[in-house]
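Undergrad: Shown below is the structure under consideration.
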Amino acid sequence: MSAAGASPGRSRAVVVMASTMVGVVATFGLSAAVGNLLGAAGAGEFFQVTALFTIVSSISVLGAETTMVRMTSRSLALDNELELRALAYVGVVPPVAVALLAGGALWVWPEAVQPLVTVPGEDGARLVRAVGLALPFAVLLAVCSGGVRGLGKPVAATSLQSLAVPGLRLAAVVGALVVTASTSDAFLAWLSPLPVLGLIALALLVRAVSRRTRSVESGALAGAASVRSVAPEFWRFSLPRGVSIAVERSLDWVDVLLVIQIAGPAAGGIYAIVSRLAVAGTVLDTAARVTWGPQVSAALARGESDRARRLFDMVTMILIGLGWPAYATLAVFAPTVLALFGPEFPAGATALRVMCGAMMILQAAGMLQTFLLMGGRSHWQMSNRLVQLVLLCGGCLILVPRMGFLGAAVAWSVAIIVDAVLASIQVRRIAPIGSSWRRAVKIGLPAVALFGGGGAVLVAVLGQNLLALAVAVVVLGVPYVVFVILLARRRGLLDRRGSGQHSRPTDADVVDAPDPRSAPEVVRRP
């Protein structure tokens, strides 16, 4: 691969990473606005409603988002453009139909689920009907974005899901809270961007499929036989993945909901903010999945085990190199960061530190979920998630009454570590992936020593405040950036000459695989 080919691919990867991180900043801005303007109890009520919508919309997707990424990128890798329109039809129509049915039921019978939103009277019915209206558009946005990613347009998909959604939600919710300071109005504003963005995602998918299939006879692409040929495999993979996603979204929020039910809305609001901060690092894993997921699918489809291993090694270096400094800093300055969300939230500092440690272990394990999904093992991941859900729910029920939201943090940490261990064992059965712990030592320990130890010294000298945090980011960040650049150059990540030894890349490949051994919805949990 030439330098000209390598550079645009890596540039797209950088754009995807940057866009996703900007979206996380917007999401944190939204959480800060809700915490400061509604307080801990109001934040708990707001996150309870958004949690229920997220779970319902994720169930309605039926796993088709990930399946679209996997099967469209695989079709391109195998030069099988005949399947693309059939895949778009099979992947989009059933989930949207399910969402329309569910949304219609919510519109007609809002009183059936109104107790779950904890808003009485006509306001509660209005919220439920708004959920019904927004649900099909949320599903359309998710599924079509998955197809756009698989067709080699990750920047467009990321711009929608990681920039437009959180950015527009931030503006809408802040505007609503400034005007009314009402939880129900804030939630309606949170839903408001979905109709337009869902239609935009559909237009992008139609355009991408049309461009890819322009030279192929349209009758063959749209025929019933083509649909029948891809539908069984599509849904054999997608339905287990749909169950897994439903469990994942439950994992995202069930601990928050349990804390609210057991310890009250104020404790739930504090824990919701803590858990959102703790899973900020999943932006790296999400960006890696968006950016390199099609490449992983293509490499596994072609049997290119060496390339798959290089992708795994590269992304693991990125996850540790970028994630561990952030988590070490967040753990040291937990009270200062939580104070940004309101005066009640620093009480969650210890819980945040526990969850930061668990996330660092998870990042050291690498991009396990992407390999399971792109390798066609959605049923394995589903089983892992069910185990994780049982551990989380059982742990919360046992520990929250005794320890409050700190007990939920402990239960969550144990659950994700067990999931990482299971996934690590399974990935080694489908690809020759070696242990990532050596990379964790070489890359992660300098980060922990610099940002953890250095940050603790700054706190001792300057105190637990924003000044110390700013000094830590600037003074400690500069030498670490130099260290990362030198390490990346040594590993060949900055080598633009390309390798030329890989098999022919497809347009679904977002970036070129680096040289050997070279050095990521709202998804929150890995």
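Undergrad: What are the residues in the stretch 70-115 that are among the charged types (D, E, K, R), in contact with a Ser or Thr (Cβ under 7 Å, 6 or more places away or on another chain) and surrounded by fewer than 24 Cβ atoms within 10 Å (Cβ to Cβ), if any?
TA: Within the stretch 70-115, Arg74, Glu81, Glu83, Arg85 qualify.
Undergrad: If the requirement is being closer than 20 Å to Phe234 by Cβ, among the basic types (Lys, Arg) and part of a helix (DSSP H, G or I), which of these qualifies: Arg70, Arg126?
TA: Only one candidate passes the filter, namely Arg70.
Undergrad: Moving to a separate point now. Kindly indicate the residue of the stretch 1-47 that is within 19 Å of Ala171 (Cα to Cα) and among the hydroxyl-bearing types (Ser, Thr, Tyr) and also modelled with the highest pLDDT among those meeting that condition.
TA: Looking at the filtered set, the residue picked out is Ser31.
Undergrad: Mind listing whichever residues of the stretch 441-485 are part of a helix (DSSP H, G or I), over 22 Å from Met359 (Cβ atoms) and small (Gly, Ala, Ser)?
TA: Ala460, Ala468, Ala470, listed by residue number.
Undergrad: Follow-up question, since we're still on this one. Looking only at the stretch 151-206, which residues are under 30 Å from Asp79 (Cα atoms) and not in a helix (DSSP H, G or I)?
TA: Leu151, Gly152, Lys153
Undergrad: Looking at (1) under 16 Å from Trp235 (Cα atoms); (2) touching a helix residue (DSSP H, G or I) at 6+ places or on another chain (Cβ under 7 Å); (3) among the β-branched types (Val, Ile, Thr), which is the one condition that is false for Val93?
TA: Unmet condition: (2).
Undergrad: Right, here's the next one. Does Val165 count as at pLDDT below 80, among the β-branched types (Val, Ile, Thr) and closer than 19 Å to Ser58 by Cβ?
TA: No, not satisfied.
Undergrad: Out of the residues in the stretch 351-364 that are of a type in the set (Gly, Ala, Ser) and surrounded by fewer than 24 Cβ atoms within 10 Å (Cβ to Cβ), state the one that is nearest to Val448 (Cα to Cα).
TA: Filtering the stretch 351-364 for residues that are of a type in the set (Gly, Ala, Ser) and surrounded by fewer than 24 Cβ atoms within 10 Å (Cβ to Cβ), the one nearest to Val448 (Cα to Cα) comes out as Gly357.
Undergrad: Next question, about the same structure. Any idea how many residues of the stretch 149-169 are over 20 Å from Leu127 (Cβ atoms), surrounded by fewer than 24 Cβ atoms within 10 Å (Cβ to Cβ) and of a type in the set (A, V, I, L, M)?
TA: Adding up the residues that qualify gives 5.
Undergrad: Quick check, is Ala125 more than 19 Å from Ser58 (Cβ to Cβ) and modelled with pLDDT under 85?
TA: yes
Undergrad: Then there is this: Using the structure shown, decide if Ala164 is among the hydrophobic types (A, V, I, L, M, F, W, C) and closer than 21 Å to Leu284 by Cβ.
TA: Considered against the rule, which asks whether it is among the hydrophobic types (A, V, I, L, M, F, W, C) and closer than 21 Å to Leu284 by Cβ, Ala164 comes out as yes.
Undergrad: Grab the helices (runs of 4 or more DSSP H) fully contained in the stretch 243-350, keeping just those with 3 or more residues being in contact with a Pro (Cβ under 6 Å, 6 or more places away or on another chain), crowded, with 24+ Cβ neighbours inside 10 Å and at pLDDT below 75.
TA: 282-302
Undergrad: While we're on this one: Do any residues in the stretch 20-38 that are within 17 Å of Asp185 (Cβ to Cβ) have Cβ atoms under 8 Å from those of residues that are among the hydroxyl-bearing types (Ser, Thr, Tyr) and assigned to a helix (DSSP H, G or I), where the two are at least six apart or on different chains, and which pairs are they?
TA: Leu38/Thr183
Undergrad: Also, quick follow-up: How many of the residues making up the stretch 441-486 are more than 14 Å from Ala328 (Cα to Cα), modelled with pLDDT under 90 and crowded, with 17+ Cβ neighbours inside 10 Å?
TA: Total meeting the criteria: 1.
The values are calculated or read from the model by the stated rules, or taken from the named source; none is laboratory data. If you're wondering where the values come from, they're calculated on a predicted model, not measured in any experiment. Ideal geometry is used to build each Cβ from the backbone, glycine not excepted, and the neighbour counts take in all protein chains shown.
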